[in-house]
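Worksheet for the structure shown next.
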Amino acid sequence: MGGSYGETIASAFSGYANYVWSEITFQTNPWYANFFWFLILLSVVVYALELAFPWRKDQPKIRKDFWLDAFFMFFNFYIFALFITGFYALVEHFASNMGYSTDAIAIINVKEMPKWLGLLIFFILNDFVQWFTHVLLHRYQWMWRFHKVHHSVEQMGFAAHLRYHWMENILYKPLKTLVVLLLVGGEPSDAFIIHYIAIAIGHINHANIGLDYGPLKYIINNPKMHIWHHAKDLPKEHPYGMNFGISLSIWDYIFRTSYVPSSGRDIKLGFPGIEKYPKKFLQLMTSGFGKTPDEKTSE
């Protein structure tokens, strides 16, 4: 890969900007690999399910922070994608300059497997890495201060899925991306299918819908399990949190971080001191670089 690192980043960013525009204007190829309109359609469908089959029936149809989370959803989804585009480009540029390719350093090269098998392995490994990094966000205080933005949701709804601090793009996403590159050499062809599935599961997990999928709840994450992840009051046996699964719940059952003592329908959400925590977008985006207001008032 020729050119400087700066040129690589600039080219990646401009290429992604053009791609986003092609999504908005229905020019993607193939047409169904369109994250922008998929996100809108998915949100409409899940919101319709919330209205038709509300689990917490006393929760307003336009819940608290509905529009804030809707803004977060698009802000973070596309800022994340833009950052990852540049990160992938830098890693590939560096590897190329060192005489390697991302395929060559991969432990498992899913691109050489049958498509269905490569996608399945990519999904499982990608989800495990996300589970592990999610645990880190709760375990270390300096990471938790940024992750609190996601847990500042007090009424759960589908758009809460993508409410998170921009620093998670710096701490969480690149770590996940680098590990995935090392494990499987990057994304296989048709990886958008996996991303579609993960986004759909995440939307449903945060929605006001009472699902647990029966016996499959021990494999697939679900709203009745994930609601406990957002519990305001943590049990003594899980002081740093529980139910860290993203798409799959199996990791929590394997590593004993699962906790579903009851339906959780009416539990309080957030964290101790949330009453003092920032409420507006800019305040949320600039929090975390030191003690947050809820910590200061508890001293």
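Here, each number is a calculation from the coordinates, and none is a lab measurement. Everything numeric here is computed off the predicted structure, so don't read it as measured data. As a convention, Cβ positions derive from the backbone with ideal geometry for all residues, glycine included, and neighbour counts pool all protein chains shown.
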- Hey, any idea what the orientation-averaged projected area of the convex hull of the range 5-297's Cα atoms comes to, in nm²? 16.3
- Query: Around Pro223, with a cut-off of 12 angstrom between Cβ atoms, what is the net charge of the other residues, counting Lys and Arg +1 and Asp and Glu -1?
  - Reply: +2
- Quick one: which residues, 5+ away or cross-chain, put their amide H under 5 Å from the amide H of Ser249? H built at 1.01 Å from N. Ile219, Ile220, Asn221
- Can you tell me which of 51-59, 68-76 comes out highest on packing, and rank the rest after it, using the mean Cβ neighbours within 10 Å? 68-76, 51-59
- Among the aspartates and glutamates, select those whose C-alpha is under 20 Å from the C-alpha of Lys224, and discard any that sit fewer than 8 residues away in the same chain. Glu50, Asp58, Asp127, Glu154, Asp212, Asp233, Glu237, Asp252, Asp266
- Message: Tell me the relative contact order for the range 5-297 as a rounded percent, counting alpha carbon contacts under 8 Å between residues six or more apart.
- Response: 21
- Note on the structure: One finds the C-alpha centres of the range 138-153 and the range 239-288 to be spaced, in Å, by 9
